[in-house]
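A.B. asks: The following block contains the structure, expressed as structure tokens.
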Amino acid sequence: MTEADSTLYLELLKKVLTNRIQMDNRTEWLAEPDSGSAEPEAQPNMFSAHTMVSPEGLDTVQYCVERALADKVPGDLIETGVWRGGICVLMRAVLKAHGVTDRRVWVADSFQGVPTAGEDSHPLDQEMGLHNLNTVLSVSADAVRAVFASYDLLDDQVEFLEGWFNETLPGAPLTSLAVLRLDGDLYESTMDSLTELYPKLSPGGFVIVDDYNLTPCRTAIHEYRDAHGIKEEIKPADSVGVYWRKDF
């Protein structure tokens with residue numbers, strides 16, 4: 001694939017992932033309940049896109065993957081918390097566009113939504129109560145595989161890690177990472193991902209955090225960075241997310 005073909009392919013793919021080609025209607029993220037419930041209710045099937053990430057956020061993912069490839073940073077690519085899989089599809093597409101056959105994309109998710117925040121959960125996770133939106137956040141592994149297949153990108157360079165992060169990540173059969181994207185929303189999910197995966201991030205690799213605007217996630221990021229002396233500059237990925245590059 002020529003450089004011009006690669007650019008055209010990836011730009012078109014990002015437009016399809018974010019529903020800017022189809023232009024289907026979207027409903028609102030939350031609607032007021034029609035019962036006595038104190039919490040708003042998520043509306044099922046509210047998005048027809050394959051990702052909720054902004055165009056700017058997708059550009060950041062592409063930049064990080066391509067920069068890691070150009071600089072020969074060793075390792076695979078992973079996202080923890082994938083929803084319909086759009087970001088992982090983009091990662092796989094970047095590898096394909098650049099003819100990379102020796103790296104894998106890891107698709108890590110419970111495929112059941114986020115964990116229920118009970119009395120033993122972190123207080124910030126309890127306060128947010130994001131599990132109340134699991135009717136929207138829960139997407140099956142087979143549905144995500146179907147999304148990959150629709151782009152002709154479901155192959156042996158795509159690996160699924162199915163289950164809660166604290167159960168699947170400790171024994172995950174990956175040794176090094178070039179890009180680590182965190183989209184677990186919660187404090188505990190974010191901390192579990194960092195604890196198990198950041199030590200596997202190669203020097204020069206990238207961390208992308210989707211939910212930095214959410215207090216539980218942001219708190220986990222800074223607690224982990226402080227505890228491990230991580231000083232690399234945090235840069236905006238889009239209006240809600242951030243990224244940083246691990247020092248060489």
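A.B. asks: Can you give me the distance in nm between label points at Tyr224 and Ser54, each placed 7 Å from the Cα along the Cα-to-Cβ direction?
C.D. replies: 2.2
A.B. asks: Using a Förster distance of 45 angstrom, determine the FRET efficiency expected from the C-beta separation of Thr101 and Asn134, and round it to 0.05.
C.D. replies: That pair, Thr101 with Asn134, gives E of 0.80.
A.B. asks: Non-local amide H neighbours of Tyr243 (under 5 Å, H modeled in plane, Pro and chain starts lacking H): which ones?
C.D. replies: Long-range HN contacts for Tyr243: Val209, Lys235, Ala237.
A.B. asks: Pulled fully out, how much extra length does the chain show between Lys231 and Glu159, if you take 0.36 nm times their separation in residues and subtract their Cα-Cα distance?
C.D. replies: That works out to 22.8 nm of additional length.
A.B. asks: Also, quick follow-up: Rounded to the nearest 0.05, what FRET efficiency do Glu11 and Ala143 give with R0 = 35 Å and r taken as the Cβ-Cβ distance? Could you check?
C.D. replies: 0.85
A.B. asks: Excluding residues fewer than 8 places away in the same chain, name every one of the lysines whose C-alpha is closer than 23 Å to that of Lys14.
C.D. replies: Excluding near neighbours in sequence, the set is Lys96, Lys235.
A.B. asks: Compare the peptides 189-202, 156-169 by average per-residue count of other Cβ atoms within 10 angstrom and give them in order, highest first.
C.D. replies: Going by the mean number of other Cβ atoms within 10 Å, highest first, we get 189-202, 156-169.
A.B. asks: Another question, then. Using a cut-off of 27 Å between alpha-carbon atoms, which lysines can reach Lys231, once sequence neighbours fewer than 8 places away in the same chain are excluded?
C.D. replies: In chain and number order, the partners are Lys72, Lys200, Lys246.
A.B. asks: Okay, moving on. Rounded to the nearest 500 deg cm²/dmol, what is the calculated helix-only ellipticity per residue at 222 nm for the chain, with -39500 (n - 2.57) per DSSP H run of length n ≥ 4?
C.D. replies: -11000 deg cm²/dmol
A.B. asks: In the chain, what percent of the accessible surface is made up of carbon and sulfur (1.4 Å probe, ligands and nucleic acids excluded)?
C.D. replies: That share works out to 49 percent.
A.B. asks: To continue, here is another question. Rounded to the nearest 5, what % of the DSSP beta bridges within the chain are antiparallel ones?
C.D. replies: Once the DSSP bridges in the chain are tallied, antiparallel ones form about 30 percent.
A.B. asks: Please compute the per residue accessible area over the chain with all protein chains in place, 1.4 Å probe, rounded to a whole number of Å².
C.D. replies: 47
The values are calculated or read from the model by the stated rules, or taken from the named source; none is laboratory data. It should be emphasised that the depicted structure is a prediction, and the values quoted were computed from it without experimental measurement. We place every Cβ from the backbone using ideal geometry, glycine too, and count neighbours over all the protein chains shown. Please note that ligands, DNA and RNA were not included when accessible areas were found on the heavy atoms of the full protein model with its side chains. Shrake-Rupley method; radii C 1.70, N 1.55, O 1.52, S 1.80 Å.
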